[in-house]
Amino acid sequence: MTNEYETELRCPRCGGAFGDSTVERGIVSTPCRECGYVMQAIYCAPLPLEPQPFWRLCMKWRGSSATVKDAALLRQFIPDFKDLPISQVHQRLGGCSELKLRWLPKRVMRELRDAAEARGFQVEAEPEEEELPSA
């Protein structure tokens, strides 16, 4: 008996070496070079080693409170506003001089920031410093 571990995976049918793997529709397929047997497994993408920070986004408009035009522009890309009438979005913004969105994943923050800047809003983004609130 040997204490060495086999480092290369071998075909369970013939003991031959496997060829190059391919990924299609989330399945990894690896064929045996000798007999053609194909070993398959579900492909799992690697996760980042460290948790990614959440982001805070602040969109400011020109005046001291949002105009109907600001409400109409925000309604175009803010998910919570998409199904609301412009008048209701304007009412929700009240006399606020800015809209703050918190606990955003980086990808979502970038999409919202780009959409806001494209519509003329002044935008500030920064990582959240606190821990995610527990539900």
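The values are calculated or read from the model by the stated rules, or taken from the named source; none is laboratory data. Keep in mind that this is a model prediction, so the values were computed, not measured. Neighbour counts are summed over all protein chains in view; Cβ atoms, including those assigned to glycine, are modelled from backbone coordinates with ideal geometry. With ligands, DNA and RNA removed, areas are computed over all heavy atoms of the protein, side chains included. Shrake-Rupley method; radii C 1.70, N 1.55, O 1.52, S 1.80 Å.
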Hey, what do the phi angles of segment 34-43 turn into as Karplus ³J(HN,Hα) couplings, whole Hz, using 6.51/-1.76/1.60 and θ = phi - 60°, x for Gly and Pro? 8, 10, x, 4, 10, 8, 10, 8, 6, 7
Note, ³J(HN,Hα) from phi for segment 56-64, Karplus 6.51, -1.76, 1.60, rounded to Hz, x at Gly and Pro: 10, 10, 10, 10, 10, 10, 5, x, 6
Whole-Hz Karplus couplings 3J(HN,Hα) for segment 119-125, θ = phi - 60° and coefficients 6.51, -1.76, 1.60, Gly and Pro as x, run 9, x, 7, 7, 10, 10, 10
Scan around residue 37 for amide H atoms under 5 Å from its own, H built in the peptide plane at 1.01 Å from N, and keep only partners 5 or more places away or cross-chain. 32
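Just reorder 78, 86, 42 by solvent-accessible area, largest first, 1.4 Å probe, all chains present. Please report the intermediate quantities before stating the final value.
Details: 78 5, 86 60, 42 130 Å².
Order by accessible area, largest first: 42, 86, 78.
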Amide H contacts under 5 Å for residue 54, placed H, 5+ residues apart: 128
Among 78, 38, 127 - extreme Cα towards positive end, dipole of the chain, charges at beta-carbon: 78
Ignoring ligands, DNA and RNA, please state the percent of accessible area on the chain from carbon and sulfur, probe 1.4 Å. 50
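In units of 2.2 N^0.38 Å, what is the alpha-carbon radius of gyration of the chain? Don't skip to the end; give the middle numbers.
Values: Rg = 26.1 Å, N = 135, 2.2 N^0.38 = 14.2 Å.
Relative to the rule-of-thumb radius for its length, the chain sits at 1.84.
For the chain, what is the mean residue ellipticity at 222 nm derived from helices alone (per DSSP H run of n ≥ 4: -39500 (n - 2.57); sum divided by total residues; nearest 500 deg cm²/dmol)? Let's see the in-between values first.
Working: 3 runs with 29 residues, N = 135.
So the calculated ellipticity at 222 nm is -6000 deg cm²/dmol.
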Tell me the per residue accessible area of the chain using a 1.4 Å probe; a whole number in Å² is fine. 77
